[in-house]
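The values are calculated or read from the model by the stated rules, or taken from the named source; none is laboratory data. Remember, it's a predicted structure, so these values are computed and weren't measured experimentally. Here the Cβ positions follow ideal geometry from the backbone for every residue, glycine too, while neighbour counts run over all protein chains shown. Remember, those area values only see protein heavy atoms, side chains included, never the ligands or the DNA or RNA. Shrake-Rupley method; radii C 1.70, N 1.55, O 1.52, S 1.80 Å.
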Amino acid sequence: MPVDLTNPIFHDEDKARAHLEAQRWPDGPVCPHCGEREKVKALKGKAHRKGLYQCGRKSCRKQFSVTVGTVFERSKIPLHKWVLATHLMASSKKGISAKQIERNLGLTYKTAWFMAHRIREAMREAGASPIGGGNTVVESDETYVGGKAKNAHKAKPIPKKHAVVTLVEREGEVRARHIPNVTAKTVRDHLVTKADRKSHLMSDESQVYIGAGKEFAGHSAVNHSADEYVRLGGFVHVNTAESFHALVKRAIFGAWHAVSEQHLQRYIDEIAFRWNHREKLGIDDHARANAILRAAEGKRLTYRRPHGAAHA
Ligand SMILES: [Zn+2]
């Protein structure tokens, strides 16, 4: 089911809040301060802002709303705009620019930019479990993004390219990481923490995989130079990882344009989230957006907002 923009959760503040509450608290409100579920009451009447609850636990007694402890906390942006921006980002396969969010939602550019980064923070799969396992194939490949020489002025050095190492289980999930440089150590660190060593590892013939490959149940290397993409009846390839890299590049060139090294991981996390919640796994646009809204809990932005940006 595609995103239906006439849905009132995108226009009506009360409906948006109820939607957010249904995602975060399917069994009724839970105090984010102490975890109380039973003694929670809604504060009604003109004296209180809407969506406010009071915890009845004696040691707590705190008030809260559905945004407390989420990336939406202390935001002046109406909730229906958060819900709409989340749906737009969830459903845009090629990525959506802050410029487009600015226009679609009637916000300033800085607010749209900051909002998109908060939603990306919700999409970060914190502590995601290792992929692969017995009888599965995990592909690993590296790519370099940014630093297009075409745009570099003669007087300026060509911008630096940034390395990304991608691990992906065939028919499964992806774990992609920006690494400062591709070495046997940085690649191994990603491999052994994000892939189950019972997997069969598939990589290119780069030296960086030789040691780490021995730690896996099996290891095959694709010989790109010999045009040997398809060996052993199509078993030896890293086409899945290359498909993921194509998505990263398409979004950077098509929607985001310039991605600084500081924020690169967030952009990669956004694409990885859509990959891990993709249509083929039975997750439609609406379900993917709701997964982001649920994942907004317990996340914080740790970097400072850009200079001069209004508090979004
Ligand atoms: Zn409480």
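Pairs linking a residue in segment 248-263 that is within 17 Å of THR143 (Cβ to Cβ) to a residue that is of a type in the set (D, E, K, R), with Cβ atoms under 6 Å and 6 or more positions apart or on different chains, are ARG250/LYS94; ALA251/LYS94; GLY254/LYS94. For segment 52-82, give me each residue that is more than 17 Å from ARG24 (Cβ to Cβ), within 10 Å of the ligand (Cβ to nearest atom) and among the basic types (Lys, Arg). Answer for segment 52-82, where residues must be more than 17 Å from ARG24 (Cβ to Cβ), within 10 Å of the ligand (Cβ to nearest atom) and among the basic types (Lys, Arg): ARG57, LYS58, ARG61. When segment 30-51 is filtered for residues that are in contact with a Ser or Thr (Cβ under 9 Å, 6 or more places away or on another chain) and within 11 Å of the ligand (Cβ to nearest atom), the ones remaining, listed by number, are PRO32, CYS34.
Hey, can you tell me all the residues within segment 253-282 that are of a type in the set (A, V, I, L, M) and touching a strand residue (DSSP E or B) at 6+ places or on another chain (Cβ under 6 Å)? The answer is LEU264, ILE268, ALA272. Candidates ARG177, ARG124: the one that is at pLDDT 95 or above and open to solvent by 50 Å² or more (accessible area, probe 1.4 Å) is ARG177.
Scanning segment 101-129 for residues that are of a type outside the set (Asp, Glu), in contact (Cβ under 8 Å) with a residue 40 or more places away in the chain and more than 19 Å from LYS76 (Cβ to Cβ) turns up ARG120, MET123, ARG124, ALA126, ALA128. Restricting to segment 136-162, name every residue that is aliphatic (A, V, I, L, M), open to solvent by less than 10 Å² (accessible area, probe 1.4 Å) and at pLDDT 95 or above. Selection gives VAL138 alone. Go through the residues of segment 62-83 one by one and say whether even a single one is part of a helix (DSSP H, G or I) and open to solvent by 30 Å² or more (accessible area, probe 1.4 Å). The answer is yes; a qualifying residue exists. Here segment 6-29 is the region considered, the condition is being aliphatic (A, V, I, L, M) and touching a residue at least 40 places away in the same chain (Cβ under 8 Å), and the residue that is farthest from the ligand (Cβ to nearest atom) is ILE9.
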